[in-house]
Structures are given as C-alpha cells and as structure tokens.
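Take a look at the structure set out below.
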Amino acid sequence: MTAFRSLSVAMFKGFFRERVALFFTFLMPLMFLVIFGLIFGSSSSNKTKIDVVGDGPVLTALNNTGIVDFQHVDSFDKAIAAVKNGDVPAAISVQGNKIELRYAASDRVQAGTVQAVISSVVDHVNLAASGKPPAVTLDSQQVEDSSLTAIQFLTPGILSWGLATSAIFGSALTLVNWRKKQVLRRIRLSPVSTGTVISSRLLVTIGTTVLQAILFIAVAMTPVFGLQLAGQWWLALPLLIIGSLSFFSIGVLVGSIAKSEEAATGITNVIVLPMAFLSGTFFPLQNAPQWLQTVSEVLPLRHLNDGMVDVLVRGKGVEALVTPTAVLLAFTVVVAFAASRFFSWEDS
Amino acid sequence: MSKGSTIVADGLRKRYGDLWAVDGVSFTVGEGEFFGILGPNGAGKTTTLEIIEGLRKPDEGSVRLFGENPWPRNPKLLPRIGVQLQASSFFEKLTAREQLETFASLYGVSTATAVDMLELVGLSDKANTRENKLSGGQRQRLSIACALAHDPDIVFLDEPTAALDPQARRNLWDVLRAIKARGKTIVYTTHYLDEAEILCDRTAIMDKGKILAMDAPATLVRGLDAPTHVLIERGVLALEEARAIAGVEEAGDDGVSLRLSTRKPAMVLSTLAERGALEGLQVRGATLEDVFLELTGREYRA
Ligand SMILES: Nc1ncnc2c1ncn2[C@@H]1O[C@H](COP(=O)(O)OP(=O)(O)O)[C@@H](O)[C@H]1O
Ligand SMILES: [Mg+2]
C-alpha cells in the first residue's frame, strides 16, 4: 500500500469510528432540515393574520388572494385594541360600502403588505362595479418552478452549512489530534512528504462531503420532505468538491492554530456560525444591510449556497458555476497560504 | 570514531531559555550495540535523543548518524532509523495491526514485516484490539513494534519501560533482548538504574545536561571503590562483635538485620562462616546507584 492510500485509510477509519463525528456529519444536518422544515414549511405561517369585522365581496376577493388569513371578531373596537397590542398587524371593518382599515405602523413590512393588498382589492372591486374595461392589464406569474416550496430553498442551504461544518471540523481535528499525540512528528520521521499528508486528508474531506451530500439529498427527496431536483442537479457534484477545498483550507488553518481539540471546536464554531448566517444559509439575505451583503460576497459558504440553489432547484446550467468556482478557488489559495504560515509538526 | 560507529555525537548543546537542557554531550555508539542513556527526569535524555534523530537542531556541536547529518530532515537516513517517542504516538481508533500496517506503509515496505513484529513483541493475540484498549505494557510493546515496522538498522527508544509494573517491565526486557538478537543497534533511555545495569552493553549516566560517566555498567561499578554490604539476621551476632571482625569498616542494625560494610568481603564472609553466623545471609555489591551518588554527591531519585 502506498503511504497516500494508507494515510487516507487511517484518517477515514479514525473519522468513521468516532460516533460524535458521525452524528455531526450525518444526523445534525438532517435534524436541522426537520426543524427548519417545521418552522418554514407550514403554509399558513407565511400568510398575514388580520382581524375582520363584517362581510362582503371585498372580503371574499381579499380572501382569494391567499395572502391574508381572516380572524373574525365581534366589534371593531376589540379589533383595534388587538392591533394596538401588536397581536395582529391590521384590522379591517366592512359595513356595506364603507371599509375601514387600521394598522400598526410599528410593523412596517406587514402593515405595508396589508395596505397594498387591500387597496388593490378595493380598486379592483370599484373597477368591476364601474363596468369599464381596465386601462392596463397586469399578467403576473412566479418565475420559479411551480413546485417551489420551502424545502427547495432549505435543502441547499442546510446542506452547504453541514458540509462546511464537517469539512472544517474533520480536517482541523485530525491535525490537532495527530499533533498532540505526536503522530505528526512520527510521520515526519518517515520519508513521507508534507504533500502526501495534506492531500490524503483532502481526499478524506472530499469523500466525506460527497457521502454527506448523497445521504442528505436522498433523505430530503423522500415524500416526507418532498425535495424535487432540477434537471442539471448533477452539476452540484463539481461544486461540492470545489467547495470542500475551501473548507478544507479553513480546517487546516484552524488545525494549525488550535492547540487542543476543544480550541479547534470553539474556533470552528466562531467561524462557521456567523458565516452561515451571513451567507443566507438559513434565512434569505435580501433584508440585510448592503455592507453585510458585500461582506458575504467573500465567504465561501455564500457561493456554495448560491451555486447549490441555482443548480439543484433553480434549474440553471453550468454558467451558474462560474462565479462560485472562481471565488471558492481564490479563497482556497489565500487561506491555504495563511495555513502554511501557521502549520507546525509539533507543539511549541 | 572507529569504522563501526553508527552514531558519533560531538559536543552537543541545546538551550531552552536560560537552561542548557543538553550541555556538551559527546559519545559514539557502535554497530549492534545496546547503548543506554541513564538519568533522572529533566537530565536531558529526550533532548539528546531527538537531536540525534534529527527532530531538533543542536545549538552547538555535531551529529553523524551512519556518516550523515540528521539535521535538517535527511530523507536518506529516515528508512534506516526507527523511533519510539517518549509519549506513544498512535493513529486514533486503529487496531494494533492497523497501526503497524500504517507505519510500515509510510516507508513503502510490505506489511508482512509489520505483522511479524507483532509476534516479536508478543501481541499477536491483540492484533484486532484498538490501541486505546491495550494495557500500559501492551501499548509500549506496540509502540516498539511500530518503530520496527520498516526493519530499521537502529532503533531509538525513549523510556520504553517508564510507568510499567515490574512484570510488564520484565516482559519488555525480553522484547529488547530479542531486538538486539536480530542485530539491531539500540539506543534507549531510562531512569531505572537496575535496568540499565542488566540490559546495556554500555551506559552513559546523564545529569543536568551532562554525561558524568560512560562505560559498561560492570566497569562503572568496579571502578568505584565502594564497599560491599553483607547482611545477616539480627541476633546471630552482637553488634559489637560484628564491628570487631577484621575487614569490617562499619556495622549497623536497622532493626531487621545487621549490615556490615566492607571492602574485603571474602575475609569477612570466612570469619562469619567460622563463627557459624551466616543465618539470613545477603551480599550486596555496589550498584549504579552508588556510582550516581559518588558522581553527584546526592541520592539518586528518578
Ligand atoms: N521544548 C522545550 N521547551 C523548554 N524546555 C524544555 C523543552 N524540552 C525540554 N525542556 C527542558 O529541558 C530539560 C531536559 O529535558 P528532557 O530532555 O526532556 O529531559 P529527560 O528526557 O531526561 O527527562 C528539562 O529541564 C526540560 O524542562
Ligand atoms: Mg525524557
């Protein structure tokens, strides 16, 4: 057996015989899928709830938009009190042709939505009553595949986060553990080159990443979750591999700086969690300030995430991989250089 | 610097901060020799060994290992040396056999030798046991087997018997003798004086970074003009009588036995025999412990 192969095998076994590592690599992302699926998945939760008094064609039309959810109450005063309390963003009263809307300015986004929706419905009803043909017609349709549900966006994000976490942890822990237990010194006393040690760890990282992705996507595709892959989903494979290069380089950097497993775990968390939020892994970034979005442009997770959404669910082709690939590779080079500055074969 | 010299170390010095961990160490080791570096903790044994292995750079002095300089890392030398570091270094979660096979493959040698080494150190029945499930003695033996996995010409063993119970230590001595029987040069460190005396062809006594004496253990002891201790059962002879025996320099009663110190043991023993006072006889010659005391003026403490 060559040194490269046997080192890879040793690292692979070391990893797969560690229950905690298996948990973090394979089960944790699935747990997140379940949790986030529950939070975002239920359809009613993205409708706006408003209090309603009375009845009429306007309310029927409003109900048909599918944007608001009605909660009938007996008196408008009660409803207004609920708005003041912040229980609902708005209340509406319909008495014949008189429609009254009260909203809480404290929740501007919701209030804005409710106002816009209601005034458009009112206008529509007015127009229909006048019997005139509309001067301008609007044809609106969503651009995504009509099957697009929460799971379609959640899967690439959580998967990217899971891959980043395990790739960084895995490679950092091997380095720290092998340095602490003097295995690195011992390897240094054999005719094996640094390149062989590093590349065998990289192979293990890529292998783990691919396995993790296959398992995760397979579970997400079961009817329970109902993920549907876009046509060129297999483009995710090269993207995953390039992504794992960047996370591996971060892992080597962490493993070079940290002196203990605990320190490596801490540093990894400090890197991965903020990176995950800044990369829009769990929540979309549209509402974040511009400078935060700019910062996120240099993060590898951001680009892995974007690329994965593009090829796994948006049905984009190979052109969607160009920017992520370029950024991920550049990132890898920079971080790998830093890691090589800090790397050492032994403590102190 | 005879032709058969495997190691030639000359004037090695290594400093950590204000402390000279190794302070002018010179010695040679011949091919096939079992060379021991003996000394208390902090004497500088590990540092000396690591300089010779090429893991550390000496601040001063030079090393030749098979005629080559081990520093900076010299890939030509590496296949010829086997190293057991002071703290055992194992791949996490691998079994005994997997450890050996992995180490063997680092040198590109067949794993057959590796399995053979498992036999040599008496761990064949533990081949499929994970490293962390082995006892202290078994770990040390595995660690030695790993140092031998690529069949090197010289092995460096750093305190292989430290922290072992007496039985495990004795088992390990057999392993070390078996390695010597295979014609390997062995350089090993220990803080057990008795062990060095039993195992080594030659031993260097080290303290505070310096070699105080270096020779075959028996020669070191003989060269020491130390008294022999003759012990007999208490009550067989009165203390005053014992003191009066010709040749006895000192006599004492430790509550269990009478202890007579003499430089003429033959004379004292024959007198004791004549008087029929040999009950519970024990004769203790000088040991390396006495040598250490003589050299440093203080009691040996590992
Ligand atoms: N890396 C190091 N940094 C600082 N001091 C060290 C280092 N290694 C050893 N020393 C010091 O050098 C001295 C000799 O250490 P060592 O060679 O390990 O002795 P031994 O192996 O005989 O116990 C000790 O006082 C030790 O504290
Ligand atoms: Mg030591």
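Some notes on this structure:
- Burial of 10 Å² or greater, the stretch A:182-199 residues [accessible area, probe 1.4 Å, versus chain by itself]: A:182, A:183, A:185, A:186, A:187, A:188, A:189, A:190, A:191, A:192
- Descending semi-axes in Å of the stretch B:1-47, equivalent ellipsoid built from Cα gyration tensor: 24, 13, 6
- Lysine pairs with alpha-carbon atoms under 27 Å apart, chain A, spacing 8 or more or separate chains: 14
- Loop sites in the stretch B:244-287: GluC sites (Glu not before Pro), DSSP, at most 14 other Cβ within 10 Å: B:279
- Between chain A and chain B, the total buried accessible area stands at approximately 2600 Å², from heavy atoms with a 1.4 Å probe.
- Across the stretch B:228-285 the C-alpha pair distances fall into 10 Å bins from zero in the proportions 27, 67, 6 percent.
- Chain B - share of DSSP beta bridges that are antiparallel (%, nearest 5): 65
- Comparing B:138, B:84, B:167 in a Gaussian network model of chain B, where Cα atoms under 10 Å apart are tied by springs, the biggest mean-square fluctuation is seen for B:167.
- The phi-based Karplus calculation (6.51 cos²θ - 1.76 cosθ + 1.60; θ = phi - 60°) puts the 3J(HN,Hα) values of the stretch A:87-94 at 6, 10, x, 7, 9, 9, 10, 10 Hz, whole numbers, x for Gly and Pro.
- Peptide B:73-80 has a mean of 2 when you count, residue by residue, the C-beta atoms of other protein chains within 10 Å of its C-beta.
- For residue B:210, residues with placed amide H under 5 Å, excluding near neighbours: B:23
- Backbone HN-Hα couplings from phi across the stretch A:115-122 [Karplus 6.51/-1.76/1.60, Hz, Gly and Pro as x]: 4, 5, 4, 5, 5, 5, 5, 4
- Percent carbon-and-sulfur accessible area, the protein assembly as shown, ignoring ligands, DNA and RNA, probe 1.4 Å: 56
- Springs between Cα atoms under 10 Å define the GNM used for chain A, and in it the highest mean-square fluctuation of A:269, A:63, A:97 occurs at A:97.
- Ranked from largest to smallest solvent-accessible area, with a 1.4 Å probe on the protein heavy atoms, B:53, B:299, A:261 come out as B:299, A:261, B:53.
- Kirkwood Rh in Å, taken over chain A so that all alpha-carbon pairs contribute: 23.5
- Neighbouring partner chain Cβ atoms per residue of A:15-26, average, 10 Å criterion: 1
- Exercise: per-residue mean of other protein chain Cβ atoms within 10 Å, B:81-91: 5
- Burial of accessible area (probe 1.4 Å, heavy atoms of protein chains only) in the stretch B:105-119, relative to its chain alone, reaches at least 40 Å² for B:105, B:106, B:107.
- Derived scalar couplings ³J(HN,Hα) [the stretch B:76-92; Karplus, 6.51 cos²θ - 1.76 cosθ + 1.60; whole Hz; x for Gly, Pro]: 5, 7, 3, x, 8, 10, x, 10, 10, 6, 4, 8, 5, 10, 10, 6, 5
- The chymotrypsin sites (Phe, Trp or Tyr not before Pro) found in the stretch A:59-168 include none that occupy coil by DSSP while having at most 11 further C-beta atoms within 10 Å.
- Note on chain B: percent of Cα-Cα distances in each 20 Å bin, starting at 0 and stopping at the bin with the largest distance, equals 30, 48, 21, 2.
- In chain A, the sites counted are trypsin sites (Lys or Arg not before Pro) in DSSP loop states with at most 16 other Cβ atoms within 10 Å, and the longest stretch holding none of them, exclusive of the sites, is A:48-258.
- Max mean-square fluctuation residue, GNM over chain B, Cα-Cα springs under 10 Å, options B:156, B:66, B:34: B:66
- Ellipsoid equivalent to the stretch B:102-247 - semi-axes via the Cα gyration tensor, in Å: 41, 19, 12
- Per residue, the accessible area of the stretch B:121-243 comes to 41 Å² when a 1.4 Å probe rolls over the protein heavy atoms.
- Probe 1.4 Å, protein heavy atoms only - accessible area per residue of chain A in square angstrom: 50
- The aspartates and glutamates whose alpha-carbon is closer than 17 Å to the alpha-carbon of residue B:126, local same-chain residues fewer than 8 away aside, are B:92, B:98, B:101, B:116.
- Under 5 Å, built H, 5+ apart or other chain: amide partners of residue B:37: B:188, B:189, B:190, B:204
- Residue B:294 accessible area, assembled protein chains, probe 1.4 Å, Å²: 130
- The fraction of Cα-Cα pairs per 20 angstrom bin, counted from 0 for the protein assembly as shown, comes to 15, 31, 24, 15, 10, 4, 1, 0 percent, rounded to whole percents.
- Lysine pair count for the stretch B:150-277 with Cα-Cα distance under 30 Å and sequence separation of 8 or more or different chains is 4.
The values are calculated or read from the model by the stated rules, or taken from the named source; none is laboratory data. Keep in mind the model is a prediction, meaning the values are calculated, not measured. With ideal geometry, Cβ positions are generated from the backbone for all residues, glycine too; neighbour counts draw on all protein chains shown. These area figures cover heavy atoms from the full protein model, side chains too; ligands, DNA and RNA do not enter into them. Shrake-Rupley method; radii C 1.70, N 1.55, O 1.52, S 1.80 Å.
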